[in-house]
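Inspection log for the structure reproduced underneath, given as structure tokens.
Only the coordinates and a few stated rules stand behind these numbers; no lab work does. Just so we're clear, the structure is a prediction, and the values are computed from it rather than from any experiment. Here the Cβ is made from the backbone with ideal geometry for all residues, glycine too, and neighbour counts use every protein chain on show.
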Amino acid sequence: MQGFRIAAVSAALLVGTMAQAQGSGGVAAPKKHAHAAKPAAATAAAPAAAPASTSTASDSSVKVNEFLSYDPAAKTVSLKLFAAHGSVNGGMNFNGASNGGSTITIPVGWSVSWNFTNEDAIPHSAIVLVNKMPLPAQPQEPAIPRAYTKDVTAGLPTNGTDQTTFKASPAGQYVIACGVPGHAPSGMWIHLDVSADAKVPSYTGK
């Protein structure tokens, strides 16, 4: 009888030992899940490479200076025109130049898109006129269709902006002048040459 008890106790101990062995084998599963999390981290980092594909968006554009850039394939010009850019001529200037102090040359037939901003405390505008002195005190019509800002005579207020696009044609010597009465004769104008010989746009002077 005592031998039967000893056998029963031995059997119970053996079953408990087997149960513990099975339990210790079960802890291996979480380790597998821990390793499985690593690929998820790799896929999360993948989108970071996407912005690199947008870096070639403006490869065809050529920058001449801070005011002028162009696309030779499309034959388009982007011109930034700032009225009263600094204190030159008491603010009566375009992009810091007055009295014809700078010259913008555009090949004939190219499309010009200009963005105008008035940085002065008083109104200003812009209009393309034939280069004929003396300049009119109050310009009426642009020498090239659509080559003018809105409110030519009244001018745009401080920080006022306008955008216009025109075709540089016909070839000739022009000026970009302020259309507010008296401003152009006071020196608020620069040269604009529409050239039959120029191959690409240029910007000389200040």
Open item on the list: Quick check: pseudo-label points 7 Å beyond the Cα along Cα→Cβ at Gln140 and Val108, how many nm apart are they?
Closed with: 2.7 nm
- [ ] Please give the peptides 72-82, 120-130 ranked by average Cβ packing (other Cβ atoms within 10 Å per residue), highest first, as a rough proxy for protection.
- [x] 120-130, 72-82
Task: Reciprocal mean inverse distance between Cα atoms of region 64-164 - Kirkwood radius, Å - done: 14.3 Å
Task: Length released on extending from Ser60 to Ser87, taking residue separation times 0.36 nm less the Cα-Cα span - done: 6.3 nm
Task: Low-density loop positions, chymotrypsin sites (Phe, Trp or Tyr not before Pro), region 149-189 - DSSP coil, at most 14 other Cβ in 10 Å - done: none
